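Structure record follows, encoded as structure tokens.
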Amino acid sequence: MNAPRIEYEMRLRARTQRLRALQRRDGLLANFRLAVFVLGVAIAWAVIAAPHWPPAILSLPIAAFGVLVVAHEMNARSAARAAASVDWYQRGIDRIDDRWAGKGARGEDLKPASHVYAEDLDLFGEASLFELLCTARTRAGQQALARWLCAPAALNDISERHEAIGELRGMLDAREDLAVAGGLSRSGQPQGVIEAWAAAPANMPARAWPWIFRALSVLPFAAAYAGWRLGGAGWGFLILGALPGLGVQRWFRARVAQALHVNEAALRELSEFATVARRIEEGAYRSALPRRLQDELKTGGRTASSAIRLLARLVEWKEAQGNALFAPLAIALLWEVHFAYALEWWRARFGVRVGAWFRAVGEFEALCALSAYAYEHPEDVFPEIAPGPARFDGEALGHPLLPRAACVRNTVHLADAPGVLIVSGSNMSGKSTLLRTVGVNAVLAMAGAPVRAASLRMSPLHVGASMHIVDSIQQGTSHFYAEILRLKAIQDLTRGERPVLFLIDEILHGTNSHDRSIGAEAVLRGLAAAGAVGLVTTHDLALTSIAERLGAHAANVHFEDHLEGGKLAFDYTMRPGVVQRSNAVALMRQIGLDV
């Protein structure tokens, strides 16, 4: 029995029942509001038509209507949270049941250009690794997860992530609460816009000017009071007293406008972001990484959420000037000037921390995403990663994107002898899937996540892949030229501090057999000499002789097929040696080509 699925189903039923109850309450509150409104109109008519009815009686329906408005709004928010929880657990069940593809965030816009394995290993897009893993609701969380998948982490970071994931995967309530908060506040405003605004330099004059503006704000009312005491027209003196302040404000009009030039959508995003930050700040965690991320959300005695709520109040005060009743008073008070100073005070105190807040929340959400994967796939294991020469020992490796029922597992050992596996085999037999299985599990391991394997022992590795090569008409790049550029990029990786795991599908198949044999041997010999390990597939059986010339550094393995009822069948199991048969002609005949 699948314990995570049972738990999710139980919670989904409870959240669904709560959502239905809140929806029923929503209808009742709407009807009550309508009834109270009609009753209020009737009472108002009675007060007008019958003078003996006291007007104070209207306060009862007005108060009742106000209470119902507040209750209706609170109920609507609770219903939104319940709906987000229902969606959260339904998506979890879909992931467990292998029905997740096409239903989540795909992250195409987060894919780095010209990356050495992102396209080849299906990290982004529909039915991708990112879509399977991503439970992050904020943009910062999605960016953090994408970074982790595209760049191998340091050993210390991986160790800390293992510890944090081990703690967080069992904290369903905390992960649900964070996801619901993120789901309610997600607006997608570019993070860079917010960080640029927060870190922008001050525009308003400093030194004594803030006090001068405060004095000028008091001057109209002091003048009005003096005029009233002298028996004159208070309003006239108020206008006269406001003129000096308005004149000085006009002098600094450009600076005030610059200080108030705020992307209000970005401010709303930052304000909503506080909801997510507060959930993290209030958590109780034992592991080091979540605690350190909590510390990142604290600045000078204030938490990120409280600082952002203060900013939200400043924005509300600034927008109060748009009220028709308050606008004349706001002009006399030099409201815009004071708000400009308040906004710059906030930026001076907290602006430099906004980027760190985003990164902390993003990394916490990325941790929760990997924790959800660990919880939903309890059979997956944490890899053992230790420094040393290039090594990848995976027992019963499976591809995480394949449904469990269709996932055939293979064992792959790569070290000094052999460090290179030349994979031959017939079409559709599983060669490319093997490369992707090794690559995706290596990416998961170096991100700090569990892997789809019985066990995985490896050294820290940098993955380089040449599998999904596309030519370009615009750039005048042929398929062969694009492939050798990628091979050069993989070769360049071996000059770094970290050993390389290379995955090359159909090596150099865009050229003739003679050049292909010479080029393929040279590439593999160079990679082996640089301490890299990896797999290379080929249909050209002449290339399998390279393993003999490389000696103990290389070995041949293969996949094969067989006939069942006149049709080709595959078992997707890797075997030692070179494949002895081809199925190309049989496949052509099977689809109806006259061969």
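Overview of results
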| quantity | calculated |
| --- | --- |
| Residue match in the range 150-171 (condition: of a type outside the set (A, V, I, L, M), over 30 Å from R286 (Cβ atoms) and either surrounded by 15 or more Cβ atoms within 10 Å (Cβ to Cβ) or over 21 Å from the mean Cα position of the chain (by Cα) (or both)) | no |
| Conditions (1) buried (at least 23 other Cβ atoms within 10 Å of the Cβ); (2) among the small types (G, A, S); (3) in contact with an Asp or Glu (Cβ under 8 Å, 6 or more places away or on another chain); (4) modelled with pLDDT of 95 or more; number of the one not met by S466 | (4) |
| Single condition M446 does not satisfy, out of (1) in a strand (DSSP E or B); (2) more than 25 Å from D561 (Cα to Cα) | (1) |
| Hits in the range 61-89 - residues which are at pLDDT 85 or above and open to solvent by 70 Å² or more (accessible area, probe 1.4 Å) | V67, V70, E73, M74, R77, R81 |
| Any pair with Cβ under 6 angstrom, 6 or more apart, that starts in the range 111-126 at a residue that is of a type in the set (F, W, Y) and ends at one that is crowded, with 18+ Cβ neighbours inside 10 Å | Y117/V463; Y117/A465; F124/G107; F124/K111; F124/F130 |
| Qualifying residue in the range 433-444 (condition: buried (at least 17 other Cβ atoms within 10 Å of the Cβ) and in contact with a Gly (Cβ under 6 Å, 6 or more places away or on another chain)) | no |
| Spans of strands (runs of 3 or more DSSP E) in the range 470-562 with at least 1 residues more than 31 Å from the chain's Cα centre (by Cα) and either in contact (Cβ under 8 Å) with a residue 60 or more places away in the chain or more than 22 Å from A415 (Cβ to Cβ) (or both) | 533-538, 554-559 |
| The listed residue being of a type in the set (D, E, K, R), part of a helix (DSSP H, G or I) and modelled with pLDDT of 90 or more, out of D98, D109 | D109 |
| Residues (assigned to a helix (DSSP H, G or I), farther than 19 Å from A274 by Cα and not small (G, A, S)) located in the range 346-388 | L370, Y373, Y375, E376 |
| Conditions (1) among the aliphatic types (A, V, I, L, M); (2) closer than 20 Å to A390 by Cα; (3) in contact with a helix residue (DSSP H, G or I) (Cβ under 6 Å, 6 or more places away or on another chain); number of the one not met by A520 | (2) |
| Scan of the range 403-443 for residues that are assigned to a loop (DSSP other than H, G, I, E, B) and either without any contact (Cβ under 8 Å) to a residue 12 or more places away in the chain or not aliphatic (A, V, I, L, M) (or both), ordered by number | P403, C407, R409, D416, P418, G419, S426, N427, S429, G430 |
| Residues being in contact with a strand residue (DSSP E or B) (Cβ under 9 Å, 6 or more places away or on another chain), at pLDDT below 85 and not basic (K, R) - total across the range 542-581 | 8 |
| So A105, is it in contact with an Asp or Glu (Cβ under 7 Å, 6 or more places away or on another chain) and on the phi < 0 side of the Ramachandran plot | yes |
| Residues that are of a type outside the set (S, T, N, Q) and either in contact (Cβ under 8 Å) with a residue 40 or more places away in the chain or in contact with an Asp or Glu (Cβ under 6 Å, 6 or more places away or on another chain) (or both), drawn from the range 11-35 | R11, L12, R15, R18, L19, L22, R25, D26, L29, A30 |
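Residue-wise test of (1) β-branched (V, I, T); (2) under 30 Å from P460 (Cβ atoms); (3) loosely packed, with under 14 Cβ neighbours inside 10 Å.
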{"position": "A489", "(1), (2), (3)": "no, yes, no"}
{"position": "L524", "(1), (2), (3)": "no, yes, no"}
{"position": "V557", "(1), (2), (3)": "yes, yes, no"}
{"position": "D561", "(1), (2), (3)": "no, no, no"}
{"position": "F570", "(1), (2), (3)": "no, no, no"}
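The values are calculated or read from the model by the stated rules, or taken from the named source; none is laboratory data. Predicted model, so just to flag it, every value in this text is computed and none were measured. When we count neighbours, we look across all protein chains shown, and the Cβ atoms used for this are built from the backbone with ideal geometry, even at glycine. Surface areas here come from the heavy atoms of the whole protein model, side chains and all, with no ligands, DNA or RNA. Shrake-Rupley method; radii C 1.70, N 1.55, O 1.52, S 1.80 Å.
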